[in-house]
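Engineer: Just dropping this structure here.
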Amino acid sequence: MTAQSPNGDGLRLTAKVFSDIERRDADQPEFRQAVHEVLESLEPALERHADYIDDRVLERLCEPERQIIFRVPWTDDAGDIRVNRGFRVEFNSALGPYKGGLRFHPSVDLGIVKFLGFEQTFKNALTGLPIGGGKGGSDFDPKGRSDAEVMRFCQSFMTELHRHLGEYTDVPAGDVGVGRREIGYLFGQYKRITNRYESGVLTGKGLNWGGSQVRTEATGYGTVYFVREMLRSRGEDLDGRRVVVSGSGNVAIYAAQKAAELGATVVALSDSGGYVVDDSGIDLDAVRDIKEARSGRIKEYLDRHNRARYVDGGNIWDVPCEIALPCATQNELDRTAAETLVRNGLVAVGEGANMPTTPEAVKVFSDAGVRFGPGKAANAGGVATSGLEMQQNASRDSWHFDYTDKRLSDIMADIHTMCSETAEAYGAPGNYVLGANIAGFIKVADTMRDLGVI
Ligand code: NAP
C-alpha cells in the first residue's frame with residue numbers, strides 16, 4: 001500500500017537532493033546532468049509514494065555503494081613506463097551483482113564513470129534481469145597502441161581490479177574502447193590470478209570461451225527493436241525510412257545493420273573525424289572492413305564508393321532523415337541539431353549511446369511530438385544480452401543465434417511496454433523518458449526498502 005504525499009513534497013525533495021549533489025559533486029558535470037534528468041521525472045512518483053521520501057531512498061540511490069580508483073602502471077613497446085588511472089564504481093547491488101561496462105578513453109574520469117553507473121542502475125532494472133548497476137574504465141587510449149601494449153595494460157588493470165570482481169559480486173563488460181580483444185586479455189589475467197575458470201565474471205567474451213551469440217550485435221539491434229516498437233505503437237514501421245546513425249563503432253554498426261534489414265535506408269555514419277553520406281544506402285560490409293577489421297577512419301569509405309561524400313568535422317545531424325540513432329558519445333546532439341532534425345522531418349530518435357542528447361535537445365523533440373527513446377531503455381539490449389550470457393555461463397549452456405536474438409527482441413518489446421504503460425499511468429502518455437525513469441526507479445527503490453537501510 002503506498003502512502004500519498006502532500007503536494008509539493010516530491011519537488012522539494014528532488015530540489016534538496018540535487019542541491020546536495022551540486023555542492024558535493026561540483027566537478028562532475030555529466031553525473032550532475034544524469035541525476036538531474038532522472039530526478040526531474042521522478043517528481044510524480046514521489047508525490048504518490050511518500051514512503052520513498054521517508055526512507056531516504058533517493059539520497060541512497062544517488063550515492064554509489066563503492067568507488068574504487070587505482071593506479072595502472074604498464075610498459076610501452078619502447079620500454080617506457082606509463083601510468084594510467086583505473087576506476088570501478090559499484091553503484092547499486094539491490095537487484096543483483098554490479099553489472100556494467102568498462103570504458104577505455106582519454107576522457108574517462110570519476111564523473112563520467114559515475115554518470116554511466118547511475119544510468120546503468122536504472123537500465124539494468126528495466127531489463128527484468130537480476131543485475132545491479134556499475135561502470136568502470138580508465139583514461140588509457142587504446143588508439144594507436146599495439147596489441148602487446150593493450151595486453152600489458154589490460155593485465156595490469158585486472159591485476160588490481162580482480163579482487164573486486166566475481167560472478168556474484170561484480171561483472172564488467174565492454175564499452176567504448178573495450179571490445180572482444182580487451183575482454184580476452186582481461187579474462188585471461190583474471191583466470192591466471194585466481195586459478196579459476198569463472199566464465200560468469202565478465203561478459204562480451206569470445207564464443208569459444210563462454211561468450212554468447214548476439215552479444216556483439218545486441219546494443220545496436222536492441223536500439224532498433226525499441227524504435228520499431230515506438231513506431232508500431234502508432235501503426236508505423238521502419239520500412240522505407242531514411243535513417244542517420246552517428247558513430248561507426250560497435251553500437252552504430254549493428255544498429256545500422258538491423259535498420260537496413262528492416263527495410264530502412266541508412267544514409268550516414270560518422271566517427272570523431274567527420275561523417276560520410278551515401279544516399280543510396282551505406283555499404284555496411286565496407287564500413288565493417290574499414291572500422292572493425294582495420295581500425296581505419298570513416299572517410300576511407302570514399303575509396304570504396306565515390307558516389308558518397310565525406311564532411312570533415314561538421315555535424316552529422318545536418319543530414320535530413322526521419323529516424324536519428326545517436327550511437328557515438330554523450331552530449332553529441334544539442335538543441336541546434338535537434339531543431340535542424342525536426343525541420344527536416346524527423347519522426348523518431350533511439351539513443352544507442354548513453355546520454356547522447358542534451359536536455360535542451362530532448363525538449364525540442366518533446367515539443368515537436370517526436371518519439372524519443374532514451375538510452376536507458378533503448379540501448380538496454382546490450383546489458384540484457386550480457387545477462388543472458390551470465391545465464392548461459394551459470395548453466396554451462398550455449399544458445400543458438402536465432403533463439404538469443406528472439407529473447408533480445410522480446411526483452412526490448414517488454415521494456416517498451418513497461419516505459420509506455422508507466423508514462424501513461426503517471427499522466428504523460430508517450431513520454432518514454434518519464435516512463436523509463438519511473439519504472440526503473442520504482443523497481444530499485446522497492447527492493448532497497450525491502451533490504452533495509454544498507
Ligand atoms: P566504440 O565501438 O568505441 O565506438 C564509438 C564510436 O563513436 C566510434 O566510431 C567513435 O569514433 C565515435 N565517436 C566518438 N566520439 C565521437 C564524436 N565526438 N563524434 C562522432 N563520433 C564519435 O563504442 P560503442 O561500444 O559503440 O559505444 C558507443 C556508445 O554506446 C557509448 O555511449 C556507450 O556507452 C554506449 N553503449 C555501448 C554499449 C555496448 O554494448 N557496447 C551498450 C550500451 C551503451 P572514432 O573511431 O573516431 O573514435
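The values are calculated or read from the model by the stated rules, or taken from the named source; none is laboratory data. None of these values were measured; they are calculated from a predicted model. Glycine also receives a Cβ, built like all others from the backbone with ideal geometry; neighbour counts cover every protein chain displayed. In case anyone asks, the SASA skips ligands and DNA or RNA and just uses the protein heavy atoms, side chains included. Shrake-Rupley method; radii C 1.70, N 1.55, O 1.52, S 1.80 Å.
Engineer: Please specify each residue of the range 295-330 satisfying the condition of being away from the ligand (no atom under 12 Å from the Cβ), buried (at least 23 other Cβ atoms within 10 Å of the Cβ) and among the aromatic types (Phe, Trp, Tyr).
Structural biologist: Of everything in the range 295-330, just one residue is away from the ligand (no atom under 12 Å from the Cβ), buried (at least 23 other Cβ atoms within 10 Å of the Cβ) and among the aromatic types (Phe, Trp, Tyr), namely 301.
Engineer: Further question: Suppose we keep only residues that are open to solvent by 20 Å² or more (accessible area, probe 1.4 Å), of a type outside the set (Asp, Glu) and within 8 Å of the ligand (Cβ to nearest atom) within the range 270-294. Which one would you say is nearest to residue 258 (Cα to Cα)?
Structural biologist: For the range 270-294, the residue satisfying everything is 291.
Engineer: Can you report the number of residues in the range 206-235 which are farther than 16 Å from residue 251 by Cα, of a type outside the set (Gly, Ala, Ser) and open to solvent by less than 60 Å² (accessible area, probe 1.4 Å)? Break it down into steps so the answer makes sense when it comes.
Structural biologist: Kept after step one, since they are farther than 16 Å from residue 251 by Cα, are these residues of the range 206-235: 206-212, 228-235.
This time we only want the ones that are of a type outside the set (Gly, Ala, Ser), so: 207-209, 228-232, 234.
Narrowing the set further to residues that are open to solvent by less than 60 Å² (accessible area, probe 1.4 Å) leaves 228-231.
Number of matching residues: 4.
Engineer: Quick one: which of 373, 435 is closer than 12 Å to residue 230 by Cβ, in contact with a Gly (Cβ under 9 Å, 6 or more places away or on another chain) and either open to solvent by less than 60 Å² (accessible area, probe 1.4 Å) or not assigned by TED's automatic domain parsing to the domain that holds residue 43 (or both)?
Structural biologist: On the way: 435 fails: in contact with a Gly (Cβ under 9 Å, 6 or more places away or on another chain).
When all the criteria are applied, what remains is 373.
Engineer: Is one or more of the residues making up the range 103-112 more than 13 Å from the chain's Cα centre (by Cα), open to solvent by less than 10 Å² (accessible area, probe 1.4 Å), touching a residue at least 60 places away in the same chain (Cβ under 8 Å) and over 30 Å from residue 77 (Cβ atoms)?
Structural biologist: yes
Engineer: Now, a different point. Limited to the range 126-173, what total is found for residues that are under 17 Å from the mean Cα position of the chain (by Cα), away from the ligand (no atom under 15 Å from the Cβ) and either assigned to a helix (DSSP H, G or I) or in contact (Cβ under 8 Å) with a residue 60 or more places away in the chain (or both)?
Structural biologist: Number satisfying all stated conditions: 1.
Engineer: Checking the condition closer than 23 Å to residue 50 by Cβ and not hydrophobic (A, V, I, L, M, F, W, C), which residue from 397, 446, 402 passes?
Structural biologist: Numbers: 397 fails: closer than 23 Å to residue 50 by Cβ; 402 fails: closer than 23 Å to residue 50 by Cβ.
So the residue among 397, 446, 402 that is closer than 23 Å to residue 50 by Cβ and not hydrophobic (A, V, I, L, M, F, W, C) is 446.
Engineer: Something else about it: In the range 406-426, which residue that is of a type outside the set (A, V, I, L, M, F, W, C) and touching a helix residue (DSSP H, G or I) at 6+ places or on another chain (Cβ under 7 Å) is nearest to residue 378 (Cα to Cα)?
Structural biologist: Just the residues of the range 406-426 that are of a type outside the set (A, V, I, L, M, F, W, C), to begin with: 406-407, 409-410, 414, 416-417, 420-422, 424, 426.
Now restrict to residues that are touching a helix residue (DSSP H, G or I) at 6+ places or on another chain (Cβ under 7 Å): 407, 409, 416, 420, 422, 426.
Working: 407: 15, 409: 12, 416: 8, 420: 12, 422: 16, 426: 20 Å.
Residue satisfying both the conditions and the ranking: 416.
Engineer: Give me the pairs: first residue in the range 251-280 and of a type in the set (Val, Ile, Thr), second residue open to solvent by 30 Å² or more (accessible area, probe 1.4 Å), beta-carbon distance under 6 Å, and six or more apart or on different chains, which are they?
Structural biologist: These pairs meet every condition: 265/242; 266/260; 267/242; 267/279; 276/310; 277/309.
Engineer: Take the range 175-187 and flag every residue that is in contact (Cβ under 8 Å) with a residue 24 or more places away in the chain and either assigned to a helix (DSSP H, G or I) or farther than 16 Å from residue 133 by Cβ (or both).
Structural biologist: To start, the set of residues in the range 175-187 that are in contact (Cβ under 8 Å) with a residue 24 or more places away in the chain comprises 175-182, 184-186.
Correct list: 176, 177, 178, 179, 180, 181, 182, 184, 185, 186.
Engineer: Okay, moving on. Applying the selection to the range 252-263, what residues are within 19 Å of residue 307 (Cβ to Cβ) and either modelled with pLDDT under 95 or more than 14 Å from the ligand (Cβ to nearest atom) (or both)?
Structural biologist: Looking only at the range 252-263, we keep the residues that are within 19 Å of residue 307 (Cβ to Cβ), and these are 256, 260.
Scanning the range 252-263 gives a single hit, 260.
Engineer: Further question: Write out, first by first residue and then by second, each pair whose Cβ atoms fall under 8 Å of each other, whose residues are 6+ apart or on separate chains, and whose first residue, in the range 208-219, is more than 24 Å from residue 353 (Cβ to Cβ) while the second is within 13 Å of the ligand (Cβ to nearest atom) and assigned to a helix (DSSP H, G or I).
Structural biologist: 210/389
Engineer: So in the range 371-384, with the set limited to residues that are in contact with a strand residue (DSSP E or B) (Cβ under 7 Å, 6 or more places away or on another chain) and assigned to a helix (DSSP H, G or I), which one is farthest from the ligand (Cβ to nearest atom)?
Structural biologist: Here is the first cut: in the range 371-384, the ones in contact with a strand residue (DSSP E or B) (Cβ under 7 Å, 6 or more places away or on another chain) are 371-373, 378, 383.
Still in the list and also assigned to a helix (DSSP H, G or I): 378, 383.
Details: 378: 9, 383: 7 Å.
Per the stated criteria, the residue is 378.
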